[in-house]
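Below is one structure, written out as structure tokens; comments come after it.
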Amino acid sequence: MSFHPSSAAPTGGPAALSAVLDDVLRTGADLAAAEVARTRALAAAGHLALDVMADRRAHARASEMALREVASELAAAENLSDRTVQSQIGRAMTLVDDYPRTLAAWEAGVITRAHVHAIVDVGSPLPVEVRGEFDLLSVATAEGLSPGRLRSRLAALAERLQPTTLTQRHGRGRDARCVRIVTGHDGMSDLVATLPTVLAVGIYDRLSQQAHAVIDARDETGDSVPDERTTAQLRADILADLLLTAAPEADPTRTDDRPGILGGIRARVQVVVPALTMLAPGRENSDPAELVGHGPLDADTARALAETTALPWDRVVTHPVTGEVLHTDTYHRGTAIDRFLRARDRHCRWPGCTVPAIRAEVDHTHDYALGGATEVSNLAHLCQRHHTQKQFTRWRVRQVSGGVLEWTSPTGRTYTDEPLPYSPAVRFLPDDPPPPEPRERPAPF
């Protein structure tokens, strides 16, 4: 996404909004500078504590106590918890030591605090020795992207820098799967399940579909005793029903003791699997499979999905250098346009939105009711929220070549959203170094 100020100065109401926007951007830059200054000061406090202990050849326990001592001093002065301040010191030291370019970009107002958190969070599993390269590439990648979209780009970038494959790490991560209870207040508790991401996303999607089916059914029937449960409450109720009775009791379509429509709903996930990753899984880090909207997916899981799903996969033909979608096909030809749009867009096309295309609606950029054509050059995915926003606010959009959307805000500013290209099929690698010159052997005598 890129931003270009409009050449025409807004007037009237938009002019006032534009002035407010300028104030927000200016104060945001001032706040960023202040936050970076505080971050550097906190890191200096942490380094001061460690430097003192280094002279005494202290062990880890003593270093921890030194940090705690400094954190307590700062916390007392600010009326904060020493645990909170110690955590802030730890994050500050990580930023200053491992992400100096990220910190400088934040200080310059190029990126926001949310971008910084995305970079540090995604980079946390990386070995310290490669974080410098990740720091440099992350700042270069962040320009013009929302934090949500940046995360998906950084996830693939981090994979390329990992010394081990995602499949190897996922195998170790699966050992941590569990279900636990966190006791809350008022007789409520959190039931937390740690699962492989593709399973967690699938479960959440199925619950969402079932909740929406309940809402649709109750809107049609208009019962005298209305069901006013929210989508979030319905997800929780249906989850409890499924786990305790193996069928959603909330299903309004049940007519006997067998599951109705809700029982037939299955989870949906959107997965992109590069062909070369399937053929050479040992090289998956360079171009990993992706669970759209959530990040890289290990090759074994991607292969298992490809082998077991009953639905046809869409083949996406992309430009070998730019990665632009050129063509899609499958054995089912009735929905060619939808397949192409899912492959091209991958998520909602509102600037910065990351809702996957499978949970979004295909929208006519130029309204169908006003003569807009039903063709790929006039269609794009928008989630329900942003579809409504396009219809009922003063935002305007037009689609140019290559599926690029140009959004114009009420103040006259223009924001460009481009489809995320696929990894190019052609990669240029550095030439192999020339072989060493043969050494002359000394004469035998």
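The values are calculated or read from the model by the stated rules, or taken from the named source; none is laboratory data. In this text the structure is predicted, and so the values were computed from the model without any measurement. Positions of Cβ are backbone-derived with ideal geometry, glycine not excepted, and every protein chain shown enters the neighbour counts.
Points to keep in mind about this one:
- Residue ID - farthest from Cys353 (Cα to Cα), chosen from residues in the range 390-422 that are free of Cβ contacts under 8 Å to residues at least 60 places away in the same chain and among the β-branched types (Val, Ile, Thr): Val400
- Scanning the range 209-232 for residues that are assigned to a helix (DSSP H, G or I), surrounded by fewer than 12 Cβ atoms within 10 Å (Cβ to Cβ) and modelled with pLDDT of 90 or more returns a single hit, Ala232.
- Index of the failed condition, Leu161 passing every other in (1) surrounded by 18 or more Cβ atoms within 10 Å (Cβ to Cβ); (2) under 26 Å from Glu284 (Cα atoms): (1)
- Residue check for Arg206: in a helix (DSSP H, G or I) and within 19 Å of the chain's Cα centre (by Cα): no
- The range 158-194, subset among the small types (Gly, Ala, Ser) and under 21 Å from the mean Cα position of the chain (by Cα), residue farthest from Thr141 (Cα to Cα): Ala193
- Counting only residues that are touching a residue at least 60 places away in the same chain (Cβ under 8 Å) and closer than 16 Å to Met93 by Cα, the range 111-131 holds 1 of them.
- The requirement of being touching a strand residue (DSSP E or B) at 6+ places or on another chain (Cβ under 7 Å) and surrounded by 21 or more Cβ atoms within 10 Å (Cβ to Cβ) is fulfilled nowhere in the range 129-149; no residue meets it.
- Of all residues making up the range 376-410, the number that are within 12 Å of His366 (Cα to Cα) and in contact with a Leu (Cβ under 7 Å, 6 or more places away or on another chain): 6
- Filter result for Ala289 (among the small types (Gly, Ala, Ser), closer than 18 Å to Arg149 by Cα and at pLDDT 85 or above): no
- Scope the range 83-110; condition surrounded by 14 or more Cβ atoms within 10 Å (Cβ to Cβ), in a loop (DSSP other than H, G, I, E, B) and modelled with pLDDT under 95; matching residues: Gly109, Val110
- Some residue of the range 173-188 being within 18 Å of Asp121 (Cα to Cα) and touching a Lys or Arg at 6+ places or on another chain (Cβ under 8 Å): no
- Test for Glu129: is it charged (D, E, K, R), in a helix (DSSP H, G or I), touching a helix residue (DSSP H, G or I) at 6+ places or on another chain (Cβ under 9 Å) and farther than 22 Å from Val292 by Cα: no
- Restricting attention to the range 363-406, the residues that are part of a loop (DSSP other than H, G, I, E, B) and either under 17 Å from Pro419 (Cβ atoms) or among the hydrophobic types (A, V, I, L, M, F, W, C) (or both) total 7.
- Candidates Gly412, Gly403 - the one that is on the phi > 0 side of the Ramachandran plot, modelled with pLDDT under 90 and touching a Pro at 6+ places or on another chain (Cβ under 9 Å): Gly412
- The residues of the range 387-406 that are touching a Lys or Arg at 6+ places or on another chain (Cβ under 8 Å) and of a type outside the set (A, V, I, L, M), listed by number, are Gly403, Glu406.
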